[in-house]
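The next block holds one structure in the form of structure tokens; read it before the comments.
The numbers here are math on the coordinates, done by the rules we state, and not lab data. Please read these numbers as outputs of a predicted model, since none were measured by experiment. Cβ coordinates were reconstructed from backbone atoms using ideal geometry, including for glycine residues, and neighbour counts include every protein chain displayed.
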Amino acid sequence: MISEYYKLPLKPGQLVKKMDHDKCSLVESVAGMVHLIAVTCFGECKHDQTFGCEIWEHDFENISNPQQYREKLTKSVQKTIEKQEPRLSNIVVDIQIEQIDYRLIQRRIKSRITMKVDGRLRTTNEPFSHFDQFFIGPLSYF
């Protein structure tokens, strides 16, 4: 059983030069992949157009029905995680969307996505939990 995984982001230059690359645990590797799925839009990954999630399809739209939008995003993220992360089972995704008065230079209202992913690691049957927050329109990490 593999006990070390490459930490994201990958640094192919180090691998080509036969230098050590940063390693991480199984839990960190799965969490990194879940995060990568959440922040990737469909079509961005050239070798797999289905990698990513639907969050970015509606990045700048006015959301007329937040509950319906939340359910749609939840299903999209869950479907992609089930397909792209085979190390997880019993996946449950919960997404919350909040309007935040966000002040940097000017007053802006942004949507903050809060995502919680629970499941089980297939190899060890340990519980897995990952929490992520980010703003959309345009993307900025919280």
Exercise for review: Provide the per-residue ³J(HN,Hα) series for region 80-88, in order, calculated from phi with Karplus coefficients 6.51, -1.76, 1.60 and θ = phi - 60°, each as a whole number of Hz, with x at glycine and proline positions.
Suggested key: 5, 5, 4, 7, 8, 10, x, 7, 10
Check your understanding: If amide H atoms are built 1.01 Å from N in the plane of the peptide, which residues on other chains or at least 5 residues away come under 5 Å of the amide H of Phe128?
Key -> Gly119, Arg120, Leu121
Check your understanding: Given H placed 1.01 Å from N in the peptide plane, which residues other than close sequence neighbours of Thr40 have an amide H under 5 Å from its amide H?
Key -> Cys53
**Study point:** J(HN,Hα) series, region 46-52, from Karplus relation 6.51 cos²θ - 1.76 cosθ + 1.60, nearest Hz, glycine and proline x
**Key:** 5, 7, 8, 5, 8, 6, x
Study note, to complete from the structure: Note: Gln133 to Asp22 extended length (0.36 nm per residue) minus current alpha-carbon separation gives 37.5 nm
Study note, to complete from the structure: Extension length gain for Glu98 and Lys79 (0.36 nm per residue less Cα distance), in nm, is 4.6 nm
Revision key, fill the gap. Here region 127-135 yields Karplus 3J(HN,Hα) values (6.51, -1.76, 1.60; θ = phi - 60°; whole Hz; Gly and Pro given as x) of x, 10, 9, 9, 10, 9, 9, 7, 9
Practice item. Kindly rank 85-93, 11-19, 113-121 from highest to lowest mean number of other beta carbons found within 10 Å of each residue. Key: 113-121, 85-93, 11-19
